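Engineer: Before I ask anything, here is the structure I am working with.
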Amino acid sequence: MMKPLILVTGGAGYVGSHTCLSLLEAGYPVVVVDNLSNSKAESLRRVEKLSAKKLFFYPVDICDPEALKKVFMLHSVGAVIHFAGFKAVGESVEKPLEYYHNNVYGTMVLLECMREAGVRTIIFSSSATVYGMTEKVPFREDAPTSATNPYGRSKLFIEHILLDLCVADPSWRVTLLRYFNPVGAHPSGEIGEDPRGIPNNLMPFVCQVAVGRLKELQVFGNDYPTPDGTGVRDYIHVLDLAEGHVKALEAAETQQGAAIYNLGTGRGHSVLELIRAFEKANGIKIPYSISGRRPGDIAASYADVQKAEKCLNWKTQRTLEDMVRDAWNWQKKNPEGYA
Ligand code: NAD
Ligand code: WQD
């Protein structure tokens, strides 16, 4: 049977490009809309090369209703996976209007286009950041939510908009996927994470130190109540995450209303553990020094993954060693990213 066509917003980005590949490999036709504000179309050419399949690409901004409507008119869309948005926590504090416009208004435009086109299935990229400053780990999907910055609040607002939509019209099928810390790359080294400017996140920072673009890593605090004092996070290989989206699509076929899932491994690793794993797997020393805590950081964050395992029939396959090896393989093969 022909699989439904999937519209992927933000499909040229880091998680989006890996998910497009998993979708094509699973036999789904794919249409990408991406305004390339934080990515390059080269990622999609490489996805086509890796899968030996074609996808449709439109350089469209989701905040542009006319342009987006045209895409829905040109293609018979079965479901939407919605990645498009801004994601830098610090920048969101400086530019709240830009973040709310792009993330919240952009999602509104998308939902209105979907309603008009009769498309009722959406999978949304939410984030573990919606668990706020909660100290009780692991995080379960029914834990209280809150946010400490405009980025996190934009995710929270969108979650509520989508949940309200399901209450008003039960024909919607909404899946909120709360990602933990996506890292790594496709093992081919053809696609990976290509941040603009100095990376905010740990793994791309470590990779750029390893490749010589940055001198030294700052470890943000070693006085947390964790086994070695450094922050603990649930790092998840981006390919496991991508496969989680394919499973969520399958589950949505028989789903009623809204569902929320954590996508993580269920295991936490400290900053020092990640550095050591990187050094061991790749045979490279990472110079680092301990500095003060980064404002807004929590000691530990990891997922309770029972719900995703049970309801999505999905489980991560890849280890921390796979993550650091694949991240470095991508960086080494593409020292300047896609440029
Ligand atoms: P990314 O920046 O690599 O990808 C987002 C893509 O959306 C980019 O290609 C960008 O060009 C595009 N985009 C942004 N605004 C757009 C607009 N108005 N119209 C069309 N395209 C637009 O980020 P990512 O790491 O792949 O994250 C994907 C999604 O997952 C984001 O919504 C992010 O908030 C969420 N998320 C990411 C992480 C993470 O750590 N990477 C964690 C949790 C949640
Ligand atoms: C991981 C650990 C840092 C950089 C962020 C967003 C979250 C989600 C994922 C989108 C922490 C430490 C980091 C460095 C360091 N994104 N660190 N030196 O903060 O867990 O989550 O990305 O939704 O919303 O907040 O990820 O990679 O920035 O940090 O010591 O140079 O590494 O303190 O313990 P974080 P991260």
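We did not get these values from a lab; they are worked out from the coordinates using the rules stated. On a predicted model such as this, the values are computed, not experimentally measured, just so you know. Because the Cβ atoms are built from the backbone with ideal geometry, glycine has one as well, and the counts that use them run over all protein chains shown.
Engineer: Pick from GLU141, GLU135, GLU66: which is assigned to a helix (DSSP H, G or I) and not β-branched (Val, Ile, Thr)?
Structural biologist: That would be GLU66, the only listed residue that is assigned to a helix (DSSP H, G or I) and not β-branched (Val, Ile, Thr).
Engineer: Quick check on my filter: what residues within segment 119-172 are touching a Lys or Arg at 6+ places or on another chain (Cβ under 7 Å) and within 11 Å of ligand 2 (Cβ to nearest atom)?
Structural biologist: SER126, SER127, ALA128, THR129, VAL130, ALA147, TYR151, listed by residue number.
Engineer: Taking the stated definitions as given, is GLY90 within 14 Å of ligand 2 (Cβ to nearest atom), surrounded by fewer than 20 Cβ atoms within 10 Å (Cβ to Cβ), touching a residue at least 60 places away in the same chain (Cβ under 8 Å) and in a helix (DSSP H, G or I)?
Structural biologist: So GLY90 passes the test.
Engineer: Pull up segment 220-231, narrow it to residues that are surrounded by 19 or more Cβ atoms within 10 Å (Cβ to Cβ) and touching a helix residue (DSSP H, G or I) at 6+ places or on another chain (Cβ under 8 Å), then point me to the one that is farthest from TYR302 (Cα to Cα).
Structural biologist: THR230
Engineer: Checking LEU44 against (1) crowded, with 21+ Cβ neighbours inside 10 Å; (2) not in a helix (DSSP H, G or I), which single condition isn't satisfied?
Structural biologist: (2)
Engineer: Kindly list, by first and then second residue, each pair from a residue in segment 258-284 that is free of Cβ contacts under 8 Å to residues at least 12 places away in the same chain to a residue that is surrounded by fewer than 21 Cβ atoms within 10 Å (Cβ to Cβ) and not in a helix (DSSP H, G or I), limited to pairs with Cβ atoms under 8 Å and residues at least 6 apart or on different chains.
Structural biologist: Note: pairs meeting the criteria are GLU279/LYS285; GLU279/ILE286.
Engineer: Could I ask something else about it? For segment 193-208, indicate whether the set of residues that are surrounded by fewer than 22 Cβ atoms within 10 Å (Cβ to Cβ) and either over 30 Å from LEU272 (Cα atoms) or away from ligand 2 (no atom under 16 Å from the Cβ) (or both) is non-empty.
Structural biologist: No: segment 193-208 contains no residue that is surrounded by fewer than 22 Cβ atoms within 10 Å (Cβ to Cβ) and either over 30 Å from LEU272 (Cα atoms) or away from ligand 2 (no atom under 16 Å from the Cβ) (or both).
Engineer: If I filter segment 277-336 down to residues being surrounded by 13 or more Cβ atoms within 10 Å (Cβ to Cβ) and among the basic types (Lys, Arg), which single residue comes out as nearest to GLY221 (Cα to Cα)?
Structural biologist: Of everything passing the filter in segment 277-336, ARG293 is nearest to GLY221 (Cα to Cα).
Engineer: Determine, yes or no, whether GLY244 is among the small types (Gly, Ala, Ser), assigned to a loop (DSSP other than H, G, I, E, B) and either over 30 Å from LEU162 (Cα atoms) or within 21 Å of the chain's Cα centre (by Cα) (or both).
Structural biologist: When the stated conditions are applied, GLY244 does not pass them.
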